[in-house]
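We did not get these values from a lab; they are worked out from the coordinates using the rules stated. Because the structure is predicted, anything quoted here is derived from the model rather than measured. Quick reminder, even Gly has a Cβ in these numbers, built from the backbone with ideal geometry, and neighbours come from all protein chains shown.
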Amino acid sequence: MSATVLAIPLWANLLAVAVGSLQGALFASQFRERRVDLLGVAIIGTATGLGGGILRDVLLGQLPRALQTNWYLTVAVLASLLGMLLQRVFNRLVGLITVLDALTIGLFGAIGATTALAMGLPDIPAVFVGVISAVGGSVLRDLLMNLTIAMMHVGSLYAVAAGAGTAVLVAMVAFDVPTYIAALTGTLVTFVIRLAAVRFGWSLPEQRALSRLPRWRRPR
Amino acid sequence: MSATVLAIPLWANLLAVAVGSLQGALFASQFRERRVDLLGVAIIGTATGLGGGILRDVLLGQLPRALQTNWYLTVAVLASLLGMLLQRVFNRLVGLITVLDALTIGLFGAIGATTALAMGLPDIPAVFVGVISAVGGSVLRDLLMNLTIAMMHVGSLYAVAAGAGTAVLVAMVAFDVPTYIAALTGTLVTFVIRLAAVRFGWSLPEQRALSRLPRWRRPR
Amino acid sequence: MSATVLAIPLWANLLAVAVGSLQGALFASQFRERRVDLLGVAIIGTATGLGGGILRDVLLGQLPRALQTNWYLTVAVLASLLGMLLQRVFNRLVGLITVLDALTIGLFGAIGATTALAMGLPDIPAVFVGVISAVGGSVLRDLLMNLTIAMMHVGSLYAVAAGAGTAVLVAMVAFDVPTYIAALTGTLVTFVIRLAAVRFGWSLPEQRALSRLPRWRRPR
């Protein structure tokens with residue numbers, strides 16, 4: 001019923017941060033008419049890459065992992081600047097970046113959920129922390145750019161993919177599956193849902209009210 | 001001079017969260033042209049219901065209460081979906097929801113302020129924490145929806161009601177009134193001010209500069 | 001290699017908060033068409049003055065210093081209201097306020113970076129915490145007012161000044177310079193860069209892609 005802490009190697013963590021930051025910087029650099037300067041792109045990229053993990057650690061009352069070594073901030077800033085400078089190159093690699101990004105969401109979700117479980121949090125809060133870890137960076141990006149939060153709009157399964165993956169992970173841990181296998185499966189579920197959503201144009205239905213209820217109550 | 005922790009029963013806490021989430025979801029579902037999807041409504045409702053309490057606990061350096069049991073998140077998500085599905089029903093009950101919401105603000109403010117006092121915080125920070133607890137959810141809702149913060153505009157006494165109620169609570173505790181009585185009184189003050197503001201259209205004056213000052217200094 | 005905590009006298013801290021809040025309230029009061037009410041101006045001013053320090057303490061997992069005494073919130077609210085009431089007077093003193101504000105950024109950055117170093121954080125995270133302390137208030141102000149974050153746009157060296165000052169501070173501490181001297185130098189560097197940017201219209205280049213790279217690869 002309890003999870004061991006996932007000992008993700010530092011390089012894998014840093015790769016995930018780099019992909020997040022790169023993707024954030026590429027996103028920010030589309031908005032030329034807003035005259036975001038060099039530093040702005042670096043800030044948005046860094047926030048995208050590190051935001052999820054920092055939110056996770058602040059919620060859990062821990063000193064953010066990104067502040068414990070020099071590596072995270074360095075990698076995030078360099079990846080952001082690289083994304084800005086080489087945007088023409090990376091924009092041709094959009095397929096590769098989408099794949100890496102889906103992997104990143106899955107990995108962040110798994111790290112978040114297992115950290116929460118290892119601290120003794122119940123199942124549903126653990127899923128919540130996993131989702132926040134996975135999508136926090138992109139929410140922070142949209143807040144800082146004063147855009148509507150992409151995640152909440154029709155046509156994006158970002159949060160759904162993260163939620164499904166971490167839910168599977170948490171359920172497996174509840175059935176005593178070893179943490180590593182559960183984390184791998186959860187990451188894979190998120191990865192597959194996210195890519196399938198991009199590939200096949202899946203989306204959630206728009207919000208909808210039960211408009212038939214009144215009709216059923218007054219059948220003439 | 002010091003407060004005991006308010007032992008609000010869990011069901012009362014959950015009812016307050018449910019009212020907050022319901023109200024957040026009803027608010028979000030008005031914005032059809034923004035194409036907020038199912039998940040978006042659930043996110044906004046959940047953030048509205050839980051935001052104040054999470055902000056309170058993060059500020060006070062505690063593990064958020066909403067992450068300590070499965071109940072809070074479950075109730076918040078279900079109340080949000082209910083609000084979305086039955087918006088026609090609830091929109092006819094707008095009076096009832098306003099009343100429940102006023103009670104919710106009062107209760108959240110009282111929980112926040114007494115928690116802060118019990119931790120040994122001074123009076124003014126305790127009022128501040130109470131107000132953040134009461135209005136944090138609706139501020140988060142507006143941030144996530146990329147709207148201007150309703151609270152800061154003419155015609156809303158949301159924060160004033162919360163501030164007055166928690167100030168009364170803190171003052172009573174300073175005069176050694178038992179915590180429960182102080183909390184009850186504070187909740188009631190918030191409740192009455194908020195409802196009176198809605199009922200009689202009370203509002204704060206717009207910001208104003210002392211334009212008469214220069215005239216007085218140059219009397220022709 | 002390690003820093004001692006900077007024992008900034010309380011009055012200096014409060015003066016910095018007052019300048020931040022005054023400046024935030026003056027900023028908010030420009031937007032008359034948004035009908036921000038009395039309370040809104042107080043909230044924005046308070047958030048501007050206290051935001052950086054609260055973000056710093058939350059990131060470092062400490063109870064915010066602004067919640068430990070009655071002074072911070074009192075000073076922030078009073079300075080905000082003063083800024084609103086006497087905006088005509090203060091708008092004539094724009095030069096003085098810019099100078100005080102540059103000093104405030106420098107001081108906040110130095111407090112943030114030395115606090116982080118004293119907790120044992122590595123160098124780059126210490127610079128990061130310093131910058132967040134310095135600019136956090138103005139970022140929060142822009143978020144609450146639903147404006148694009150001023151800091152990220154061409155023509156503002158706010159964050160650059162804070163970054164350069166705290167980087168100098170951290171480097172000096174790494175070379176065993178006493179904390180007070182390092183903090184003084186760092187504050188001064190931030191102060192000079194910020195004022196020079198205002199005076200001479202310095203700005204960072206806009207973001208830019210390496211557009212020459214493709215040309216070099218296809219030389220015809």
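For segment B:187-192, take each phi angle, set θ = phi - 60°, evaluate the Karplus expression 6.51 cos²θ - 1.76 cosθ + 1.60, and give the result in whole Hz per residue in order, putting x for glycine and proline.
The phi angles translate into 4, 5, 4, 4, 4, 5 Hz.
Quick one: with label points 7 Å out along Cα→Cβ, list the inter-copy distances for residue C:11 in nm, shortest first?
Label point to label point, same position, other copies: 5.7, 5.7 nm.
With label points built 7 Å along Cα→Cβ from the Cα atoms of residue A:30 and residue C:68, find their separation and express it in nm.
4.5 nm
Between C:72, C:120, C:162, whose Cα lies farthest towards the positive end of the dipole of segment C:10-201 when Lys and Arg beta carbons carry +1 and Asp and Glu beta carbons carry -1, centred on the Cα centre?
C:72
Taking each residue in C:58-69, count the Cβ atoms of any other chain within 10 Å of its Cβ, then average. What number comes out?
Across C:58-69, the average partner-chain Cβ count within 10 Å equals 5.
What net charge is computed for the residues neighbouring residue C:98, neighbours being all others with C-beta under 11 Å from the C-beta of residue C:98, Lys and Arg scored +1, Asp and Glu -1?
So the environment of residue C:98 carries a net charge of +1.
If you average the alpha carbon positions of segment B:72-99 and of segment A:108-181, how far apart do those two centres end up, in angstrom?
Result: 25 Å between the Cα centres.
What nm distances, shortest first, do you get from the label point of residue C:184 to those in the other copies when the point sits 7 angstrom along Cα to Cβ?
Spacings between copies for this position, smallest first, are 6.0, 6.0 nm.
Per-residue mean of other chain beta-carbon atoms within 10 angstrom of the beta-carbon, peptide A:119-131?
Per residue, the number of nearby Cβ atoms from other chains is 4 on average.
What net charge is computed for the residues neighbouring residue B:73, neighbours being all others with C-beta under 12 Å from the C-beta of residue B:73, Lys and Arg scored +1, Asp and Glu -1?
Charge balance in the 12 Å sphere: 0.
Considering only the label points, 7 Å along Cα→Cβ from Cα, what distances in nm to one decimal separate residue A:69 from the same position in each other copy, shortest first?
The answer, with the shortest distance listed first, is 4.0, 4.0 nm.
Average partner chain C-beta neighbours within 10 Å, per residue of C:71-79?
2
What is the local net charge at residue A:119, summed over the other residues whose Cβ is closer than 12 Å to its Cβ (Lys, Arg +1; Asp, Glu -1)?
Net charge around residue A:119: 0.
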